[in-house]
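The values are calculated or read from the model by the stated rules, or taken from the named source; none is laboratory data. Bear in mind that the values here come from a model prediction, so they are computed numbers and not experimental data. Cβ: placed from backbone, ideal geometry, glycine included. Neighbour counts: every protein chain shown.
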């Protein structure tokens, strides 16, 4: 990151508007108006060939007249003039250009877009856009966009790939009471992308957390790296997660939407909290900008209504923080703060008759207990309580508890159910730093996000810096080179197993016999029983060709089947290029799993793991992780699939060798990452996993090469 | 249903308030005040020993002074006085009592509660409550409760088991803009329950749809029957669906929360739409009171922002109405209504530059197309459009289209994303009959509810009136009686199979041999190969006892194993009561499935179906249906499990005999329903299902009897 350049782009000391206009309704007018309305304190330079002055600012015919004076140039001229405008900006020493104009990559003109970026880079500039609304900053008093207003002030920032959404959400910040310091419109992401801004925001004292609206990432790996590094919470809404939605997204921004599962896995690996919809994005952002992460699983719910207590309890389970009953000593104490028919179990139901004192005492006491890691306060409007008073009292109790060492770092969320008085009371709470929601499920969902973030941070902190298996990369490349020289885009099973072996994967010994005598010699080397398989790049479905025989137990049978398999293969395809017959160690039966790899369009080499057979074929019960995948993550992947119990030891069976499996996943990940320029897809299918301590065997291996 | 009595309770011509008070703050004051504020037009009779007049109404010392004059008596006196008050109401000819007072079943005093109901019934009265807020009706100008106001008027009704929630939601109707005609607080449901009110609302011209907040049902079967009969949509939020939530609900209302899966199945069977949280309950209610069901799968989305279009598309898939592209001729026409870079595919993206005309034309045209079954209109606030104007224009276009025969019966939902102007515009749309939501996902979720309702109505309409298998019930009862006489609470496998057989289930022939000779004779009757199993009520784990031998192929082996099995059993448990050895037909291997039954606390006999082995043991991949289950529903159950493809024919295999399986489910349902007074639990496990046309075999059967 060139911080100085990005500072110029996002925290400019001066702004030029190229294409500034004195005609209301034009974008070039709106941007100058926005800068004025935002009370921007730096210099504003309208650039317009004819005008002397625009909206109170002296206008200049060319940016070249302002050499060395401009940090940010906002470009609003028609598409065909943009490239030359950028060139001029470069010459004038502008630090960054923000191109509002559309009509480039999103309508197929990638050529001009690329030329713009090249030109900018040549001059050391960065490009935001094109096809954007602009960028906005409350702390910078900077509305460098055609959005009519700066957002409600707050401590979050928003980066949106959709301009229309950004402008609507900008207005929505006031309606929802969720404040932001900065808004960024990314548009075509020709240059500056999510990763650049996330990295830059890490240094921004006005941003506590970042909300993202993502349609598709161009450089997913860099996005992950940057997101992993920042300690500020990131909440992401990824659109286009349905099949049809992905198609719609692609037509919309010209970027490819990755598979929903891969995105989900990648977000988790990077410590990003994924939002489900717009409201959820706002809800989580509000929680993260106002409250600390929740550093344990014990959520305490205090309510005046049993019904909403139960709804919150259901939501807690649904969102991954199932409730537990309070320890007896906590219950005993809280029982003193409520009428006889209340409940201190959790949810703590102070009952409708309790009024403010019950809330105050349970909150102040509860939040200071070591057992409690987070608090949700629920209130049902009643005929005898005043929401304003309740809100005020709750706030005081929270502040009192948070002022103590035991209560300080614990998150609190609130839900008031009722009418306009409740809405007003909630806004009061929000304005005073307590997230408040109109449905207990929303409140619980938000605090569950705070819990999830703390979990992901813990996982990050505990991650071990493991050295991957030391593989002889050149040896692997030689095998691949030979296959390519042979005109092939896939390795044979024997070659693939050699590559797997180089990366430390435990494959069944598989040797190539070209003659009967060789077959017998190799069979004795491998050890009976063996499997024999035809080896031919021209025969993909070996069984159909009569090219496979399992469980061969002696030399005579080896001879017999060598001849048969060769004959079958020739009969199946007369002109097939036959390498010979593979003599393979026969792996004992175990639990069948499958490893696979894809080169994801957004995230690059990605590992898939699942149980074999019906689990993968019928249930699609697989999980993904973007490389590199550590052994630790390999263990986690095994626990993520629905059939996890099979590996952990179901139906009275002993656990499988999950340690060996995890090590295998890590090595496999290392292989496809190390050879990412060569391997398009690969799989190990099946892998037989044995009882804990007994390891595993990769029985079949496949590597498909990238087109070169 | 005694309609006249319920009319008296819910549409009274006169109301007495027993325990009316002149002291503000007392419930007896609030209720009279509520009646006044609601502008109730019938007679109001405060009952108070000492007062002459309360809040403008002449007071009476006793209800007995008003014999024959009172339809509804609202009781607010202390708990210990309620029973005698009810007795007096009865004597005075009151039609229904609404008992606001708490302190009965919910705190353990079931005795008084039962006595109250008995007393009421003796006098031909019905009881609402106790432990309630009361009931409210806009059309009746009746606020017979201590809730401070009637709800925002509308065409829905709400029945809530939680009083606190009712009062809060009452106020919330104004905040959310969702109108209701009637609100009912059910409290302890000592007498009048959900079913009574649903049935009564079916005759209420002011109620178009009914929202329920359910904690636990006491008579689930009647609830289902009544819900099935009504054609008015029902939307239900069931709380206590999590394990911990169920515990909290139980402590709250004293009613048992059923298993979440059983509730889900029951709701679907009854045509009820299940809400996920409070907002969703309101969202769906708004959709149902304002719009017709969606009678087909084609949702058209019209948007001015690509981003929200994609979010809506994702939501459509998530909520069960995946989007399809419009047919080419529709696309061609709509393309005329938008700028060049718009998209008419679906979502129809008229782009941010389009303005009102694009919306008007696409809506008016789209809604009249036969291909389109429902419409979602999305709007992102922009710098150049006015949400008010857009809302007005959209409304006109919808009205225009809905005035045509082709557009008339199609639902429309709307989502505006933006600031306070959008919120105001949405309220305008709602007030004019168009549901509007602040998030595209919410709008799509609501219209998906309208689609789901139409689907369930279709299923209801298409349901065949099938006669169950004619079983000899008495023969089954004889077998059960004999087992009971034997002091047992479970049938042996042979007995259970006899009962299964009586109900037309295809069990493996299983005969009891007491001697070696008998064993050989029966083996020849059944036909080799056979399975031999010990039959003893004292040996549950037959295999552990060395009591099972499969694949016996001849007489000699039969003799040998009869002796061995008997010896093993005696060695395993010397004092076991041994009936002999079962000689059983050996069923060929097939796809293993499992049938089971429970007697659900809320819904009674309920069938469970799933695939055997890991599917049930590891994945818990089972589905439920409340009896009676038709053959049609039996087919549906097979499609509901995650492993459905296994039965439909996965991995190149032929489909299993799903017809036979469905018939078996229906017969099994008939058995457990017919014998519900005797059977506590039962299962058929495994059932081997063969290729289509080849039927199935119940290999093992188990019946556990109810304690008597």
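Yes or no, residue by residue, for (1) in contact with a helix residue (DSSP H, G or I) (Cβ under 9 Å, 6 or more places away or on another chain); (2) surrounded by fewer than 24 Cβ atoms within 10 Å (Cβ to Cβ):
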residue	(1), (2)
A:413	yes, no
A:418	yes, no
A:423	yes, yes
A:430	yes, yes
A:445	yes, no
A:454	no, yes
A:466	yes, yes
TODO: Give A:583, A:578, A:594 a once-over and let me know the one that is closer than 22 Å to residue A:661 by Cα and either touching a residue at least 40 places away in the same chain (Cβ under 8 Å) or within 14 Å of chain B (Cβ to nearest Cβ) (or both).
DONE: A:594
- [ ] Give me a count of the residues in region A:16-43 that are surrounded by 23 or more Cβ atoms within 10 Å (Cβ to Cβ) and in a strand (DSSP E or B).
- [x] 3
Task: Of all residues making up region B:141-152, the number that are farther than 20 Å from residue B:212 by Cβ and surrounded by fewer than 24 Cβ atoms within 10 Å (Cβ to Cβ) - done: 3
Open item on the list: Which numbered condition in (1) within 11 Å of another protein chain (Cβ to nearest Cβ); (2) touching a helix residue (DSSP H, G or I) at 6+ places or on another chain (Cβ under 9 Å) is the only one that residue B:353 fails?
Closed with: (2)
Open item on the list: Going residue by residue through region B:390-407, is there one that turns out to be within 13 Å of chain A (Cβ to nearest Cβ), within 24 Å of residue A:133 (Cβ to Cβ) and either outside any helix (DSSP H, G or I) or modelled with pLDDT of 95 or more (or both)?
Closed with: yes
Open item on the list: Among the residues that make up region A:30-53, is at least one of them more than 14 Å from every other protein chain (Cβ to nearest Cβ), modelled with pLDDT under 95 and under 18 Å from residue A:96 (Cβ atoms)?
Closed with: no
Task: Filter result for residue B:364 (at pLDDT 95 or above, touching a helix residue (DSSP H, G or I) at 6+ places or on another chain (Cβ under 7 Å), assigned to a helix (DSSP H, G or I) and within 12 Å of chain A (Cβ to nearest Cβ)) - done: no
Open item on the list: Given the condition in a strand (DSSP E or B) and either surrounded by fewer than 16 Cβ atoms within 10 Å (Cβ to Cβ) or free of Cβ contacts under 8 Å to residues at least 12 places away in the same chain (or both), answer yes or no: does some residue in region B:529-550 qualify?
Closed with: yes
Open item on the list: Of everything in region B:472-520, what is part of a helix (DSSP H, G or I) and closer than 23 Å to residue B:557 by Cα? Give them in sequence order.
Closed with: B:493, B:494, B:516, B:517, B:518, B:519, B:520
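Can you tell me which residue among B:195, B:211 is within 14 Å of chain A (Cβ to nearest Cβ) and in contact with a helix residue (DSSP H, G or I) (Cβ under 7 Å, 6 or more places away or on another chain)? Let's see the steps before the verdict.
Values: B:195 fails: within 14 Å of chain A (Cβ to nearest Cβ).
Answer to the selection: B:211.
Within region B:220-254, can you find the residues that are farther than 27 Å from residue A:298 by Cα and either at pLDDT below 85 or in a helix (DSSP H, G or I) (or both)? Let's see the steps before the verdict.
Applying the first criterion (farther than 27 Å from residue A:298 by Cα) to region B:220-254 yields B:220-236.
B:220, B:221, B:222, B:223, B:224, B:225, B:226, B:227, B:228, B:229 - these are the residues of region B:220-254 that are farther than 27 Å from residue A:298 by Cα and either at pLDDT below 85 or in a helix (DSSP H, G or I) (or both).
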Open item on the list: Looking at residue A:409 and the list (1) within 17 Å of residue A:291 (Cβ to Cβ); (2) surrounded by 19 or more Cβ atoms within 10 Å (Cβ to Cβ), which single condition is not satisfied?
Closed with: (2)
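Residue B:358 - would you say it is crowded, with 17+ Cβ neighbours inside 10 Å and assigned to a helix (DSSP H, G or I)?
Yes.
What number of residues within region A:103-124 are under 23 Å from residue A:6 (Cβ atoms) and in contact (Cβ under 8 Å) with a residue 40 or more places away in the chain? Steps first, please.
Let us first name the residues in region A:103-124 that are under 23 Å from residue A:6 (Cβ atoms), namely A:104-105, A:113-124.
Still in the list and also in contact (Cβ under 8 Å) with a residue 40 or more places away in the chain: A:104-105, A:113-114, A:116-117, A:120-121, A:124.
So the count comes out to 9.
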- [ ] Kindly check whether there is at least one residue in region B:448-457 that is at pLDDT 95 or above and more than 26 Å from the chain's Cα centre (by Cα).
- [x] no
TODO: Scan region B:645-667 and give yes if some residue there is surrounded by fewer than 20 Cβ atoms within 10 Å (Cβ to Cβ) and within 24 Å of the chain's Cα centre (by Cα), otherwise no.
DONE: no
Open item on the list: Just to check your reading of the model, which residue among B:597, B:602, B:639 is under 30 Å from residue B:223 (Cβ atoms) and assigned to a strand (DSSP E or B)?
Closed with: B:597
Task: Among the residues listed as B:624, B:615, the single one being within 14 Å of chain A (Cβ to nearest Cβ), under 26 Å from residue B:692 (Cα atoms), crowded, with 19+ Cβ neighbours inside 10 Å and in contact with a helix residue (DSSP H, G or I) (Cβ under 9 Å, 6 or more places away or on another chain) - done: B:615
Open item on the list: Among the residues in region B:112-132, are any within 31 Å of the chain's Cα centre (by Cα), within 12 Å of chain A (Cβ to nearest Cβ) and either surrounded by fewer than 18 Cβ atoms within 10 Å (Cβ to Cβ) or assigned to a helix (DSSP H, G or I) (or both)?
Closed with: no
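Filter region A:340-354 for residues that are outside any strand (DSSP E or B) and in contact (Cβ under 8 Å) with a residue 40 or more places away in the chain; which is farthest from residue A:311 (Cα to Cα)? Please lay out each step first, then the result.
First pass over region A:340-354, keeping only residues outside any strand (DSSP E or B): A:340-342, A:344-347, A:350-354.
Remaining after also requiring in contact (Cβ under 8 Å) with a residue 40 or more places away in the chain: A:346-347, A:350-352, A:354.
On the way: A:346: 13, A:347: 10, A:350: 16, A:351: 15, A:352: 16, A:354: 20 Å.
Here the answer is A:354.
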- [ ] Please tell me if residue A:79 is in contact (Cβ under 8 Å) with a residue 24 or more places away in the chain and away from every other protein chain (no Cβ under 14 Å).
- [x] no
Task: region A:153-176, residues that are touching a residue at least 12 places away in the same chain (Cβ under 8 Å), within 7 Å of chain B (Cβ to nearest Cβ) and surrounded by fewer than 24 Cβ atoms within 10 Å (Cβ to Cβ) - done: A:174
Task: Neighbours by Cβ (under 6 Å, 6+ apart or cross-chain): first from region A:50-62, in a loop (DSSP other than H, G, I, E, B); second loosely packed, with under 11 Cβ neighbours inside 10 Å - done: A:61/A:49
Task: Residue list for region A:291-338, filter: assigned to a loop (DSSP other than H, G, I, E, B), within 14 Å of chain B (Cβ to nearest Cβ) and out of contact with any helix residue (DSSP H, G or I) (no Cβ under 9 Å at 6 or more places or on another chain) - done: A:298
- [ ] From (1) within 13 Å of chain B (Cβ to nearest Cβ); (2) touching a helix residue (DSSP H, G or I) at 6+ places or on another chain (Cβ under 8 Å); (3) surrounded by fewer than 24 Cβ atoms within 10 Å (Cβ to Cβ), pick out the condition that doesn't hold for residue A:268.
- [x] (1)
TODO: Hey, can you tell me all the residues within region B:367-389 that are in contact with a helix residue (DSSP H, G or I) (Cβ under 7 Å, 6 or more places away or on another chain), closer than 18 Å to residue B:346 by Cβ and more than 13 Å from chain A (Cβ to nearest Cβ)?
DONE: B:367, B:368, B:369, B:371, B:372, B:374, B:375, B:376, B:377
Task: Residue ID - farthest from the other protein chains (Cβ to nearest Cβ), chosen from residues in region B:413-425 that are in a helix (DSSP H, G or I) and without any contact (Cβ under 8 Å) to a residue 40 or more places away in the chain - done: B:425
